1. Take region 85-103 and flag every residue that is more than 12 Å from the chain's Cα centre (by Cα), surrounded by 15 or more Cβ atoms within 10 Å (Cβ to Cβ) and part of a loop (DSSP other than H, G, I, E, B).
2. Answer with yes or no whether residue 70 is surrounded by fewer than 20 Cβ atoms within 10 Å (Cβ to Cβ) and under 14 Å from residue 35 (Cβ atoms).
3. From the list 41, 93, 34, which one is at positive phi and at pLDDT below 90?
4. Within region 41-63, which residues are touching a Ser or Thr at 6+ places or on another chain (Cβ under 9 Å) and either part of a loop (DSSP other than H, G, I, E, B) or buried (at least 18 other Cβ atoms within 10 Å of the Cβ) (or both)?
5. Which of the residues belonging to region 71-87 are in contact with a strand residue (DSSP E or B) (Cβ under 6 Å, 6 or more places away or on another chain) and within 14 Å of residue 106 (Cα to Cα)?
6. Any chance you could count how many residues in region 104-116 are buried (at least 17 other Cβ atoms within 10 Å of the Cβ) and either more than 15 Å from residue 56 (Cα to Cα) or not hydroxyl-bearing (Ser, Thr, Tyr) (or both)?
Amino acid sequence: MKIQWVVMIAVAAVLLFLFWVDTARPDHIPWMDKYGCCGEKNCLPASVSKKSEAGGVVVNGVPVKIHPDKVHPSETTYGWYCWKAYDRCAPPKGSATVPQALISEECALCAFYEGYAGNF
């Protein structure tokens with residue numbers, strides 16, 4: 001009887017871990033569709049502030065220039081950073097935060113800035 005409980009607890013722990021890993025990854029958010037700049041699974045929450053009308057933004061403390069048509073206000077309480085779907089611009093599997101290496105003019109696809117910058 002004790003073995004059954006141990007097995008059930010182990011299975012539950014594995015399922016919870018898999019759920020957590022599945023949710024801690026780049027995401028595609030439906031409200032972004034209308035902006036035409038977000039591909040499948042290439043956006044993560046980030047601290048994003050708009051610095052200029054010419055496309056200057058700061059993402060997680062890193063200044064980057066993005067085409068002005070690809071910088072939009074966020075529809076959530078935090079910002080989002082989306083990157084191009086290139087192999088050299090891919091985050092490690094299961095990333096819950098935007099790796100600094102992806103915050104570049106080469107990788108930037110679009111950014112959604114929030115009213116108040118935070119830390120991600």
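The values are calculated or read from the model by the stated rules, or taken from the named source; none is laboratory data. Keep in mind it's a predicted model, so treat the numbers as computed, not measured. Reconstructed Cβ throughout: ideal geometry from the backbone, glycine too, with neighbour counts over all protein chains shown.
1. Matches in region 85-103: none.
2. Yes: the conditions hold for residue 70.
3. It is 41.
4. The answer is 44, 45, 46, 48, 57, 58, 59, 60, 61.
5. 81, 82, 83, 84
6. Filtering region 104-116 down to residues buried (at least 17 other Cβ atoms within 10 Å of the Cβ) leaves 107-114.
Still in the running and either more than 15 Å from residue 56 (Cα to Cα) or not hydroxyl-bearing (Ser, Thr, Tyr) (or both): 107-112, 114.
Matching residues across region 104-116 total 7.
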